[in-house]
Amino acid sequence: MFCTYIFVANFNNKVMQQNSILLQDLSLEQLTKLITSIVKTETDDLKKHFQPKEPTVYLTRQEVAFLLSVDISSVHNYTKRGILKSYGIQGRVYYKRSEVEASLKPLNS
């Protein structure tokens, strides 16, 4: 059995380019190997560059106070002074854990 043509899609840079390749005198086994090779290459490339998105972790004022070992009034003061950024919904106040951790500065010894 011989294949006369095949369309190969290139997914680099998130842009799908379609290139037509004319294949003559190619057996089904050779075609299968060719397609497997292309899929493996693209899959390996995706694995190298894939970074799953971490879900955003939100903390309450009490959790931030516990994490920083301070009183809730200190968390309020940090927020007023712009040291911490708060987020709210229906009267509740939350903080992004990553932003709380990023607000910590190293001390010069």
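The values are calculated or read from the model by the stated rules, or taken from the named source; none is laboratory data. From a predicted model like this one, the values you see are computed outputs, not experimental measurements. No Cβ is skipped: glycine too gets one built from the backbone with ideal geometry, and neighbour counts run over all protein chains shown. Accessible surface is based on the protein model in full, side chains and every heavy atom, while ligands, DNA and RNA are left aside. Shrake-Rupley method; radii C 1.70, N 1.55, O 1.52, S 1.80 Å.
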Residues (surrounded by 10 or more Cβ atoms within 10 Å (Cβ to Cβ) and in contact with a helix residue (DSSP H, G or I) (Cβ under 9 Å, 6 or more places away or on another chain)) located in the stretch 24-55: L26, E42, D45
Please indicate, with yes or no, whether at least one residue in the stretch 50-59 is of a type outside the set (D, E), part of a helix (DSSP H, G or I) and more than 20 Å from K85 (Cβ to Cβ). no
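Collect the residues in the stretch 68-109 that are among the hydroxyl-bearing types (S, T, Y), touching a helix residue (DSSP H, G or I) at 6+ places or on another chain (Cβ under 8 Å) and either under 15 Å from T56 (Cα atoms) or in contact (Cβ under 8 Å) with a residue 24 or more places away in the chain (or both), keeping them in residue-number order.
Taking the stretch 68-109 as the starting set, the residues that turn out to be among the hydroxyl-bearing types (S, T, Y) are 69, 73-74, 78-79, 86-87, 94-95, 98, 103, 109.
The next check asks that each one be touching a helix residue (DSSP H, G or I) at 6+ places or on another chain (Cβ under 8 Å); those that pass are 74, 86, 95, 103.
Correct list: S86, Y95, S103.
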Hey, Q90 open to solvent by 90 Å² or more (accessible area, probe 1.4 Å), among the polar types (S, T, N, Q) and under 19 Å from the mean Cα position of the chain (by Cα) or not: no
Search the stretch 2-30 for residues being among the aliphatic types (A, V, I, L, M) and out of contact with any strand residue (DSSP E or B) (no Cβ under 7 Å at 6 or more places or on another chain), and hand back the single one that is modelled with the lowest pLDDT. V15
How many residues does the stretch 67-83 contain that are surrounded by 13 or more Cβ atoms within 10 Å (Cβ to Cβ) and not in a loop (DSSP other than H, G, I, E, B)? 9
